[in-house]
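Colleague: Take a look at this one; I'll ask things after.
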Amino acid sequence: MSNVIIRRVLVAAAVAAMVAETSCGGESETARAARTLYEQAQSCNLDGDPMKALTLLDSLQSNYKTETEWQRSAMKFRPTVMINATEMQIRIVDDSIAMLRDCYDKLLLSMKKVDDPRLVEPYYVDRATFNADFMNGTGVQPRVSEIGQFYFISSVNPGGIKHTGFSLKCDGESVTAGPVPYDGEMNYRIGGSEVITYSPEQSEAAGKFADEHNGRAMSVVIIGDKSKSIKLSSKQVNAVASCYNFSRAIVEARQLAFERERLNRQLEIARSQAERLAASASE
């Protein structure tokens with residue numbers, strides 16, 4: 001007989017005993033409903049679905065507060081279910097972090113880190129399309145900050161069109177970054193060029209657009225008093241997509257690391273509760 005079957009027999013016996021106790025005085029309709037939820041929660045937990053088991057226990061504890069016997073049973077059972085549910089969530093998070101690290105490692109090979117003492121902070125660019133003289137021409141450049149933020153730089157040289165943003169166009173669809181009005185900081189002039197640094201929030205839609213349309217013909221339209229349209233090469237489109245995904249790998253892995261810490265704390269609490277209940281039951 002397998003361990004699962006043995007556990008099912010033991011659970012059924014325990015529940016039957018509890019039912020027998022309540023049936024002596026006659027089981028009310030609400031008690032029956034609470035018992036059903038409790039039994040379903042135990043079955044779900046045994047079947048490897050502790051998340052559903054938690055939902056059933058939540059329903060029991062919120063909807064049948066007067067059924068003290070089943071409330072106590074649910075309270076005693078919850079730490080065990082919480083342990084199983086948390087361990088399952090941790091496995092999912094660990095798998096996701098491993099996938100993101102693999103993505104990061106692969107994309108890092110295609111990145112070039114630009115680290116100049118004159119810069120406010122270092123940044124990453126696509127190695128295949130990197131142009132040290134980018135600001136002496138007209139176009140857009142995707143970048144990733146050292147902490148993983150994705151953003152664009154646009155440059156117009158020679159200047160004169162007072163540009164405030166740009167659009168990416170592909171197959172009749174388009175997305176726009178900006179506008180960023182001239183302020184001498186985010187939109188500034190240097191060496192005859194008009195340069196704009198877009199925030200991560202302003203850059204997100206264009207990065208996602210390039211990623212979703214990677215491998216297809218795309219153009220960038222610089223927006224100002226006059227418009228300038230430039231056809232992007234497949235390498236340039238891929239550069240945007242690569243930087244965007246490189247950023248996502250860094251940011252999402254960091255977020256999942258925080259989630260992993262939260263789950264670790266949650267697991268410690270659930271185990272502590274289970275140990276206290278086991279100790280009190282043996283007294």
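Colleague: With +1 on each Lys and Arg Cβ and -1 on each Asp and Glu Cβ, and nothing else charged, work out how big the dipole of region 137-229 is about its Cα centre, in Debye to the nearest 20.
Modeller: For this selection, approximately 360 debye.
Colleague: Now for a different question. What's the ranking of 43-52, 241-250, 117-126 by average number of surrounding C-beta atoms within 10 Å, highest first?
Modeller: Ranking the peptides 43-52, 241-250, 117-126 by packing returns 241-250, 43-52, 117-126.
Colleague: Give the accessible surface of the chain per residue, rounded to a whole number of Å², with probe radius 1.4 Å and ligands, DNA and RNA excluded.
Modeller: Solvent-accessible surface per residue comes out at 56 Å².
Colleague: Let me ask you something else. Can you spot the lysines whose alpha carbon is less than 17 Å from residue 162's alpha carbon? Ignore those fewer than 8 places along the same chain.
Modeller: Within the straight-line limit of under 17 Å, residue 162 reaches these lysines: 226, 228.
Colleague: Using the Cα centre of the chain as origin and beta-carbon charges of +1 (Lys, Arg) and -1 (Asp, Glu), tell me which of 203, 258, 230 is placed farthest towards the positive end of the dipole.
Modeller: Among 203, 258, 230, the one farthest towards the positive end of the dipole of the chain is 230.
Colleague: Would you mind putting 105-111, 127-133 in packing order, based on average other-beta-carbon counts within 10 Å, highest first?
Modeller: Numbers: 105-111: 14.4, 127-133: 12.7.
Going by the mean number of other Cβ atoms within 10 Å, highest first, we get 105-111, 127-133.
Colleague: Kindly provide the pair-distance distribution of region 21-97 built from C-alpha pairs, with 10 Å bins from 0 and whole-percent values in order of increasing distance.
Modeller: Bins of 10 Å from zero give 20, 45, 23, 9, 3, 0 percent of pairs.
Colleague: Moving on. Report ³J(HN,Hα) in whole Hz for each residue of region 89-102, in order, from the Karplus equation J = 6.51 cos²θ - 1.76 cosθ + 1.60 where θ = phi - 60°; Gly and Pro get x.
Modeller: Each residue's phi maps through the Karplus curve to give 5, 5, 4, 5, 5, 4, 5, 5, 4, 4, 5, 5, 5, 5 Hz.
Colleague: Another question about this same structure. Quick one: if you stick a label point 7 Å off each Cα along the C-beta vector at residue 69 and residue 113, how many nm between them?
Modeller: 6.6 nm
Colleague: If all Cα-Cα distances of the chain are sorted into 10 Å bins from 0 onward, what percent lands in each bin, rounded to whole numbers?
Modeller: Pairs per bin, as whole percents: 6, 21, 20, 12, 11, 13, 11, 5, 1, 0.
Colleague: With axes computed from alpha carbons, what is the tilt in degrees of helix 29-46 against the longest principal axis of the chain, rounded to the nearest 10 within 0 to 90?
Modeller: Once rounded, one gets 60 degrees.
Colleague: In addition: What does a probe at residue 258 reach in region 122-159, counting residues whose amide N is under 18 Å from the point 7 Å along Cα→Cβ?
Modeller: 145-150
Colleague: If the only charges are +1 at each Lys and Arg Cβ and -1 at each Asp and Glu Cβ, what is the size of the charge dipole of the chain around the Cα centre, to the nearest 20 debye?
Modeller: 480 debye
Colleague: List, in the order given, every pair from 106/169; 169/235; 106/208 whose Cα-Cα distance in the structure shown is over 24 Å.
Modeller: 106/169
Colleague: Counting only other residues whose beta carbon sits under 12 Å from that of residue 51, what net charge do I get with K and R as +1, D and E as -1?
Modeller: That sum, taken over residues with Cβ under 12 Å, equals -3.
Colleague: Quick one: Karplus J couplings for region 61-71, per residue in order, coefficients 6.51, -1.76, 1.60, θ = phi - 60°, nearest Hz, x for Gly and Pro?
Modeller: 6, 8, 9, 10, 5, 7, 8, 4, 5, 6, 5
Colleague: Then there's this: What does the highest-first list of 221-234, 68-81 look like by mean Cβ count within 10 Å?
Modeller: Ranked by mean Cβ neighbours within 10 Å, highest first: 68-81, 221-234.
Colleague: Straight-line reach from residue 65: which lysines have a Cα under 22 Å away, not including same-chain ones fewer than 8 places off?
Modeller: Result set, ordered by chain and number: 52, 76.
Colleague: What are the ³J(HN,Hα) couplings of region 77-83, residue after residue, when phi is run through the Karplus curve with 6.51, -1.76, 1.60 and θ = phi - 60°? Round to Hz, x for glycine and proline.
Modeller: Running phi through 6.51 cos²θ - 1.76 cosθ + 1.60 with θ = phi - 60° gives 7, 4, x, 5, 5, 4, 4 Hz.
Colleague: Give me the Å³ per residue figure for the convex hull around the C-alpha atoms of region 57-154.
Modeller: It is 169 Å³ per residue.
Colleague: Residues in region 31-50, backbone N under 13 Å from the label point at residue 278 (7 Å along the Cα-to-beta-carbon vector): list them, ranges by number please.
Modeller: Inside the label zone: nothing.
The values are calculated or read from the model by the stated rules, or taken from the named source; none is laboratory data. All values reported here derive from a predicted model rather than from experimental measurement. Methodologically, a virtual Cβ is constructed for each residue, glycine included, from the backbone with ideal geometry; neighbour enumeration extends over all protein chains shown. Keep in mind that these areas ignore ligands, DNA and RNA; they rest on the heavy atoms of the full protein, side chains included. Shrake-Rupley method; radii C 1.70, N 1.55, O 1.52, S 1.80 Å.
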